[in-house]
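Structure, as structure tokens:
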Amino acid sequence: MEMKKFICSNCQKTIEIPYGVPKPETCPHCGAPAHYIHRVDRGGRRCGCRFMGRE
Ligand SMILES: [Zn+2]
């Protein structure tokens, strides 16, 4: 299954979540609130053309 990646700007750790699962409300590593958690798209083809990026 493909994973989407987020990074916590508080603890700098990566959070991997399967597609279809909503973004966590808090960082699972440090408990920072969601506004510290940012989507990263890395380690793959950089074509987001098929996705509308709705979350
Ligand atoms: Zn964190």
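A short reminder: the numbers here are calculations on the coordinates, not readings from a lab. In this text the structure is predicted, and so the values were computed from the model without any measurement. Ideal geometry is used to build each Cβ from the backbone, glycine not excepted, and the neighbour counts take in all protein chains shown.
What does the net charge come to around Pro28 if you take all other residues with beta carbon closer than 15 Å to its beta carbon, with K and R at +1 and D and E at -1? Each step should come with its number before you reach the end.
Numbers: positive: Lys4, Lys5, Lys13, Lys23; negative: Glu16, Glu25.
For residues surrounding Pro28, the net value is +2.
Exposure proxy for Cys11, Cys27: other Cβ atoms within 10 Å of each Cβ, ordered fewest to most, give Cys11, Cys27.
Between Lys4 and Val40, the modelled labels are 1.6 nm apart [label points 7 Å from Cα along Cα→Cβ].
What's the local net charge at His38, with K and R +1, D and E -1, over the other residues with C-beta under 11 Å away? That sum, taken over residues with Cβ under 11 Å, equals +2.
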